[in-house]
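Report on one structure; see the data block that follows.
Every number in this text was worked out from the coordinates using simple rules, so none of it is lab data. Bear in mind that the values here come from a model prediction, so they are computed numbers and not experimental data. In this analysis, Cβ positions are derived from the backbone assuming ideal geometry, glycine residues included, and neighbour counts consider all displayed protein chains.
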Amino acid sequence: MFACIFTNQHNMHFCRSQDATELLHEDLVLVEQRVEPAKKAAQVLHKKLLGCMQSQTGLDAEKRMKKLPLMLLSVSMAESLKDFDAESSIRRVLEMCCFMEKMLASMLADFEMKVEKDVLEPLNKLSEDDLPEILKNKKQFAKLTTDWNNARTRSQASTGPQAKQDGLREELEEAWRRLESIKDQYSADLYHFATKEDDYANYFIRLLELQAEYHKHSHEFLDKNISELKENHSQKGESLFKVYGEPLLSHLSRSNREIAAPIEECIHMLLKTGMTEEGLFRLAAAASVVKRLKSCLDQEAVDHSDFSMDPHAVAGALKSYLRELPEPLMTFELYNDWFKAAGEKELTEKLEQFRVLLRKLPPENYNNLRYLVQFLSLLSEQQAVNKMTPSNIAIVLGPNLLWPRAEGSALFDMAAASSVQVVMVIEPLIQYSSSLFPEGIQTLMSAAGSIPTCDPLLLVIPPSLSPFKSKLSCQIKA
């Protein structure tokens, strides 16, 4: 009697023994068959993918990079090139290869960090945590199904006293309750697996996307730099590295300079012949002359005598260098801060805010800005002759010293940077350079002192350099 009621109540057929699968909803039967293969695939592929990694997992990008074979190759190239003289073509090529291998190592370290985060870690969690928990519940479900079947068989076969039959019935009811509980949990696990299966498959798509992105960037980097390497290598005697368009710190580190070559060399020449030139930096020079001077500066082989008598070309080459820097001399980071400081109404507070921002500049940016602004200040002192007031200088040079990070049209950004706001920043820097850069004049005079001078030059030395006239006179006599 109990068996029939129990059977009808739970939609079960007691006429035969049932296994765990038969107790599951039919939608879950196929899902259940995919759990074990998914666990096996996740385990095997996690292990194989881990074997493809060239860096040690769990480290940050810099530490990974140091241990990569590509980085060790780069270090060996750097060590090897030291044995060659500066004119050796092998040395020049090794310098470029050293840089390129280091960049490739950096790209690889970044790629492997992304693979670890987006693929390896999820696969490991899937194979070691998520799926084993489902399989554990599957095993428990199968065991409790067997227990229930055994209890049901004993209950149906019982012919003893009523008390014994009642005991067997209670045992059967308890076995069913336990089975129902684990069945609900196991079914929920399988439904969850079914809803997440597409996400699990996406781990492998993500791997391919990361590989595509890595290989694309590596190829673009190699293609661009190999072309440049071959072009420069074919031009015997020319510098392998370009100065124009190169990051400031890279150029200074490579050339062992404190002041960038175009800034220093052009100012040397302008101090010699350009201080009284009307409209300096405002009037354009012959494009061919500017291009030739830029080429010489790229090769770090400038004959001052070839260009000093064309100060507008020299000024054009200097403007071009500042404009072609990947980041403005006054930096992207401080772009808005400069405008905010320039907006201070009280001069004392404005200059103090400028000093704060100057201290925030990277040392190489500060040194080169100081050198340039001090020169511009000297140039403005000859405004009665050259017509270049601090305001005029700020108008023509400001957009080349400060512009926003490009987010849209570069032309639009440059136009925006040419606003009166930039003039409000650059003009006070020039006007109050001696206060903002108290050490700058000595640096500039060191440069000026190295230039061969003649009597006419003393006529155009600005008043701020008057204490050094005797020094220049001594050079003339010498």
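General remarks:
- Residue order, fewest to most surrounding Cβ atoms within 10 angstrom, among R355, R92, R64: R355, R92, R64
- Partners of K139 within straight-line reach, counting lysines whose Cα lies under 26 Å from its Cα and excluding those fewer than 8 residues away in the same chain: K39, K40, K47, K125, K183, K196.
- Spin-label model distance (nm) - A78 vs D303, 7 Å beyond Cα toward Cβ: 3.7 nm
- Each residue in C98, C266 was given a count of other beta-carbon atoms within 10 angstrom of its own, and listing them fewest first yields C98, C266.
- Bridgeable aspartates and glutamates around K387 (alpha carbons under 16 Å apart, same-chain partners fewer than 8 residues away excluded): E277, E278, E427.
- If a spin label sat at a point 7 angstrom from the Cα of R292 along the line to its beta carbon, the backbone N atoms of the stretch 303-322 nearer than 17 Å would be those of 303-318.
- Backbone phi angles across the stretch 30-35, fed through the Karplus curve with coefficients 6.51, -1.76 and 1.60 (θ = phi - 60°), yield HN-Hα couplings of 5, 4, 4, 5, 8, 5 Hz in residue order; Gly and Pro are listed as x.
- Sorted by Cβ density within 10 Å, fewest first, the residues K183, K216: K216, K183
- Within the straight-line cut-off of under 17 Å between alpha carbons, the aspartates and glutamates reachable from K216 are E101, D110, E112, sequence neighbours fewer than 8 places apart in one chain being disregarded.
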